[in-house]
Each structure stands twice: as structure tokens, then as C-alpha cells.
1. Return only the number of the condition from (1) assigned to a loop (DSSP other than H, G, I, E, B); (2) within 18 Å of the chain's Cα centre (by Cα); (3) surrounded by fewer than 17 Cβ atoms within 10 Å (Cβ to Cβ) that residue 172 does not satisfy.
2. Quickly run through the stretch 86-109 and pick out the residues that are touching a residue at least 12 places away in the same chain (Cβ under 8 Å), in a helix (DSSP H, G or I) and more than 13 Å from residue 13 (Cβ to Cβ).
3. With respect to residue 79, is the statement that it is under 23 Å from residue 207 (Cβ atoms) and either within 17 Å of the chain's Cα centre (by Cα) or surrounded by 17 or more Cβ atoms within 10 Å (Cβ to Cβ) (or both) true?
4. Would you check if there is a residue in the stretch 142-154 being more than 30 Å from residue 45 (Cβ to Cβ), out of contact with any strand residue (DSSP E or B) (no Cβ under 9 Å at 6 or more places or on another chain) and in a helix (DSSP H, G or I)?
5. Residues of the stretch 39-72 being within 21 Å of residue 124 (Cβ to Cβ) and surrounded by 11 or more Cβ atoms within 10 Å (Cβ to Cβ), which ones?
6. Looking only at the stretch 104-137, filter to residues that are surrounded by 13 or more Cβ atoms within 10 Å (Cβ to Cβ) and over 30 Å from residue 179 (Cβ atoms); which one of those is modelled with the lowest pLDDT?
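The values are calculated or read from the model by the stated rules, or taken from the named source; none is laboratory data. Everything numeric here is computed off the predicted structure, so don't read it as measured data. Neighbour counts are summed over all protein chains in view; Cβ atoms, including those assigned to glycine, are modelled from backbone coordinates with ideal geometry.
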């Protein structure tokens, strides 16, 4: 208990926030500078578009990649805020007087676990010469997605990719964080995370799959 209390309560929220944002900016910079390079996009797009449009398309893709460097930490932060909001709703339902700032801190600290698979992907692809853009984007260490192929339906690939070992570690860290700030036992904290974040995650996955497969017609 003292160990988790030190992790979740002794760290300054702004310090965690800076580490969080800086970590994802570094990951995005390395990906776009050393892996998804201009040469990669030329090789990847060559033969898929007319030669006269190749330079223009590569230039647009690289410009979009610069935007992704900024967008990815923002997207991760929005996910953390969504998780904190779900847990906060669950705590409000049980009439607990825990502040949103405390909930946000434990979700932010817990989400740092996802920096690890991002760095693993960097080390895996940094010297790899032949791979597709979808292979890079769908890479998921610790999941069962390696059993699938790119020809499988998007929905099953997405589910297998989402439910990976780091996601389960995130659940465990959220439970530990809830226990720390509430003083509840393990069973009650687990139920709270299950009915709050678990339901929120299921809703998010459903919306994502609907938008991707119905609106953007990705099968």
C-alpha cells in the first residue's frame, strides 16, 4: 500500500503531465524522423500512384505526419480525461468525496504504461527495411493480433489489438490507484473500475468500430 501511495500521491501532477506530453512527443518525433521517413513513403507509395503525383503525395503525407506528432499526445490526454470522467461518475454514484484532480492524477500515472509498447515498436522497426504502413500502425506487442492477417476483418483485428497485456496492466494500475485514493478493498475498487472504465472502454470501441467501418467503409 505504501508503494502505490508513493506512486500515485507523492508525484506532482504537473510533473507527471510534462513527462506524459514529452514522452509522446519524443515517440512521435522518432517515428516520423527515423522510421516513417520520406524514403519510406516513396518506397511505400511507388506503384500505387502515378509518378507525376508521387512527389506531391509524399510531401502532403510528411506534412500530415508533422501534425500527428502533436495530435498523438493530445489524443492520449483526451483518453486519460475520458477515463477519469468515467471513474468520477462511478465514484459520484457511490457518494464519495474524491476530487476530479485526484482521479485525473491516478489515470494519468496509470496511462504512462502505454509509453512502453510505443518504445518497443520503435526498437522493432528502427532497423526494419520492409514493412507496410498498416503493419506499423497496427503493431501491438502483447496482443493476439499476431495470429491474424491483414486480410481479416477490421473489427476483429481492432479488438485483438486493443485487448493486449498492457491494457490489462492499465486496468490493474487503475484499481491500485482507486484503492489508494479511496481506501477501499481490492474487490470494491475492481468493481468500480469495471463498471466505470470498463463500460466506457466498451462504448468507445463500439463507436470507433461504427465510425471506421460504416462511415469510412473499412472492412
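1. For residue 172, the exception is condition (1).
2. 86, 87, 88, 89, 90, 91
3. Working: under 23 Å from residue 207 (Cβ atoms): yes; either within 17 Å of the chain's Cα centre (by Cα) or surrounded by 17 or more Cβ atoms within 10 Å (Cβ to Cβ) (or both): yes.
Criteria met by residue 79.
4. Taking every residue of the stretch 142-154 in turn, none turns out to be more than 30 Å from residue 45 (Cβ to Cβ), out of contact with any strand residue (DSSP E or B) (no Cβ under 9 Å at 6 or more places or on another chain) and in a helix (DSSP H, G or I).
5. 40, 41, 43, 44, 65, 68, 69, 72
6. Across the stretch 104-137, the extreme among qualifying residues is 133.
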